[in-house]
1. Using a basic spin-label model with each label point 7 Å from the Cα along Cα→Cβ, how many nm lie between Ala39 and Glu124?
2. Just to check I understand the Karplus step: with θ = phi - 60° and J = 6.51 cos²θ - 1.76 cosθ + 1.60, what whole-Hz values come out for region 116-127, glycine and proline as x?
3. What fraction of the DSSP beta bridges in region 38-119 is antiparallel, stated in percent and rounded to the nearest 5?
4. What is the chain's relative contact order, in percent, from Cα pairs under 8 angstrom and six or more apart in sequence?
5. Counting only protein heavy atoms and a 1.4 Å probe, tell me what percentage of the chain's accessible area is made up of carbon and sulfur.
6. Expressed as cubic angstrom per residue, what is the convex hull volume of the alpha carbon set of the chain?
7. Within region 15-90, which GluC sites (Glu not before Pro) sit in a loop by DSSP and count at most 11 neighbouring Cβ atoms inside 10 Å?
8. Between Glu62 and Val93, what's the calculated FRET efficiency when r is the beta-carbon distance and R0 is 41 Å? Round to 0.05.
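The values are calculated or read from the model by the stated rules, or taken from the named source; none is laboratory data. Nothing here was measured: the structure is a model prediction, and the numbers come from that model. Positions of Cβ are backbone-derived with ideal geometry, glycine not excepted, and every protein chain shown enters the neighbour counts. Just the protein is used for accessible areas: all its heavy atoms, side chains included, with ligands, DNA and RNA removed. Shrake-Rupley method; radii C 1.70, N 1.55, O 1.52, S 1.80 Å.
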Amino acid sequence: QLAALFLIAATWVGCKSSSYTPDTFTKNQLIFGTGGGFAGTVDTYFLLENGQLFHQPSLESEMSAVSTLDKKTAKAFFAEAEEIDLPTRRLDVPGNMYAFLEWRTPEGSNRLVWDTCGEKAAPELKELHAKLMELAAPVR
C-alpha cells in the first residue's frame, strides 16, 4: 500500500505545472501596461507563454502573481501579437500618459510605446493592449 501511495504522489508531483516568475521564465512573454502622469507611475503586467499573469506596480519593487490563464487563451494572445508584428514592429512616441506593449524572448525584447491621448498607435495595437488590460481589470 505504501508503494502505491508513493507512486500516486510521485505522479501527481510530476504532472503539476511548474510555477515561474518573469525573471525565471525562459520562453516568450508579453509585457504591457500604462504609465506617466504627474506622479510618473507605471503599472506593468507580465503574461508568460504558459499563462501565468503577474503585476508590478511602479511604487513597489515586488511583483505579484495575479492569475493563470488556460494555455489556449494565452496562446491566442501570443498568436495575435505575432500576427500584428509585435516582435519586430517599431513605435516610440510616448506622451504625458502612455501605453506600452513589449514582446520579450530569451534573446531580447521589442517595446512599443505610444501617447494614450494621441492617435499615434495603429488600431490593432490599441485593440491588443485593451484586451490584455482587461485581464488586469480585477487588479486595478
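1. 3.6
2. Listing the rounded values in order: 6, 8, x, 10, 6, 8, 5, x, 5, 5, 4, 5 Hz.
3. Of those bridges, close to 90 percent are antiparallel.
4. Worked out over the chain, it gives 21 percent.
5. Within the chain, the accessible surface is 55 percent carbon and sulfur.
6. 128
7. Qualifying residues, ordered by number: Glu60, Glu62.
8. It comes out at approximately 0.85.
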